[in-house]
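Below: one structure, written as structure tokens.
Nothing in this text is a laboratory measurement; each read-out follows from the coordinates by a stated rule. Note that this is a predicted model, so its numbers are computed, not measured. Note: ideal-geometry Cβ built from the backbone for every residue, glycine included; neighbour counts use all protein chains shown.
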Amino acid sequence: MTNSELLEQAKVAATKAYAPYSQFQVGCALLTTAGNIFTGCNVENASYGLTICAERNTIFHAVANEGSGMKIASLAVIALGQEFPPCGACRQVIAEFAGPEVEVWFLRDGKPFSMTMAELLPASFRL
Ligand code: THU
């Protein structure tokens with residue numbers, strides 16, 4: 001699974017997004033250290049604050065399938081027609097299941113670009 005393939009899977013997931021309010025269709029794909037791939041999209045709600053981002057939807061799905069030992073090996077996120085890195089809330093949730101060396105992939109100037117979790121969320125909160 002190359003990083004481009006992971007981004008491609010995230011793009012397919014973005015087409016499933018339920019985003020009637022923002023029109024911002026986001027998809028995520030992650031590879032676990034166990035070798036499984038999970039995908040997910042954002043799901044919005046008329047009560048806006050109940051919206052779930054694509055990254056958290058995907059991570060929760062991965063935990064529900066693999067169990068509490070799920071670890072992220074790499075993660076890709078993409079929005080149809082937009083370029084962005086994960087939001088702050090999702091960075092904290094990714095950090096729960098990924099070490100500081102894990103690469104997070106997204107598009108920058110139309111090309112795959114990655115940052116490590118250490119770069120995306122330095123000094124992350126841990127209990
Ligand atoms: N969104 C994500 O899915 N992931 C992010 O990292 C940022 C934002 C979604 C939430 C909402 O449905 C839409 O994008 C606009 O904020």
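Looking at the range 49-127, which GluC sites (Glu not before Pro) are in a loop (DSSP not H, G, I, E or B) and have at most 13 other Cβ atoms within 10 Å? In loop regions of the range 49-127 (DSSP not H, G, I, E or B), the sparsely surrounded GluC sites (Glu not before Pro) are Glu83, Glu101. Multiplying the residue separation of Asn36 and Ser4 by 0.36 nm and removing their Cα-Cα distance gives an extension gain of 9.9 nm. Within the range 51-84, what residues put their amide N at less than 20 Å from the label point 7 Å along the Cα-to-Cβ vector of Ser22? In the range 51-84, the label zone of Ser22 (backbone N under 20 Å from the point 7 Å along Cα→Cβ) covers 51-62, 75-84. Annotation: extensible slack from Lys111 through Glu83 equals 9.1 nm (criterion: 0.36 nm per residue apart, minus Cα-Cα distance). In this calculation the C-beta distance from Ala123 to Glu66 is compared with R0 = 30 Å, giving a FRET efficiency of 0.60.
Calculated from the alpha-carbon coordinates, the chain shows an Rg and a Dmax of 13.5, 37 Å respectively.
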